[in-house]
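For reference, the structure is listed below as structure tokens.
The values are calculated or read from the model by the stated rules, or taken from the named source; none is laboratory data. Keep in mind that what you see is a predicted model, and the values were worked out from it rather than measured. Cβ coordinates were reconstructed from backbone atoms using ideal geometry, including for glycine residues, and neighbour counts include every protein chain displayed. These accessible areas exclude ligands, DNA and RNA; they are computed on the full protein's heavy atoms, side chains included. Shrake-Rupley method; radii C 1.70, N 1.55, O 1.52, S 1.80 Å.
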Amino acid sequence: QGAQNFTFVDTAASAPTSTSIGTGSDKLLLRISQDAYQGDAQYTVSVDGKQIGGVLTAHASHAAGQSDTVTVNGDWASGGHTVAVNFLNDAWGGSASLDRNLYVDSATYGSAAVADAHLSLAGQGAQNFTFFH
């Protein structure tokens with residue numbers, strides 16, 4: 001009957017999500033996105049060396065300007081606190097369009113933007129920023 005053509009569409013990063021991790025009255029809001037390639041980016045979030053929640057999966061497309069919203073709950077003392085976002089499953093297919101990356105697009109603590117919370121994680125491992133309570 002002839003050849004059939006199919007178009008593959010990567011829908012892994014099609015719909016931004018909202019999630020909440022941890023417990024406590026303090027809230028740190030993270031906006032996360034990814035470049036999906038052969039699956040979604042996975043990561044963990046730690047505050048002051050303690051992981052909060054389990055492994056998280058990014059869904060929002062960085063290229064489309066989308067962001068997932070992650071609310072990190074805790075009870076943090078006054079002063080500075082270090083947040084580590086640990087990218088767990090980097091993948092590279094040999095070109096920029098075949099690359100899985102993770103991004104922290106922004107963070108907000110209280111009503112204030114966290115100045116150094118814009119991270120591009122192009123390889124496996126953690127990157128940090130600090131917020132003040």
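A few points about this structure:
- Candidates Ala63, Ala122, Ala107: whichever shows maximal mean-square fluctuation once the chain is modelled as a Gaussian network with Cα springs under 10 Å: Ala63
- Other residues whose C-beta falls under 10 angstrom from the C-beta of Asp105 contribute a net charge of 0, scoring Lys and Arg +1 and Asp and Glu -1.
- Between Asn128 and Ser78, residue separation times 0.36 nm minus the direct Cα-Cα distance comes to 16.1 nm.
- Dipole magnitude of the stretch 28-98, debye to nearest 20 (Cβ charges: Lys/Arg +1, Asp/Glu -1, about Cα centre): 60 debye
- Take every Cα pair under 8 Å whose residues are at least 6 apart in sequence, average their separation, divide by the length of the stretch 57-133, and the relative contact order is 35 percent.
- Residues in the stretch 90-102 carry Karplus couplings, in order, of 4, 9, 9, x, x, 8, 4, 7, 10, 9, 8, 10, 10 Hz; the curve used is 6.51 cos²θ - 1.76 cosθ + 1.60 with θ = phi - 60°, and Gly or Pro positions show x.
- In the complete set of protein chains, residue-level accessible area for Asp48 is approximately 80 Å², probe 1.4 angstrom.
- FRET efficiency, 1/(1 + (r/R0)^6) with R0 25 Å, evaluated for Ser106 and Gln51 via beta carbons: 0.70
- Amide hydrogen neighbours beyond the local backbone of Gln66, cut-off 5 Å, H modeled: Ser61
- Neighbourhood net charge (13 Å Cβ-Cβ; Lys/Arg +1, Asp/Glu -1) for Ile32: -3
- Sequence-separation-based contact order of the chain, relative, with Cα cut under 8 Å and 6+ spacing, percent: 29 percent
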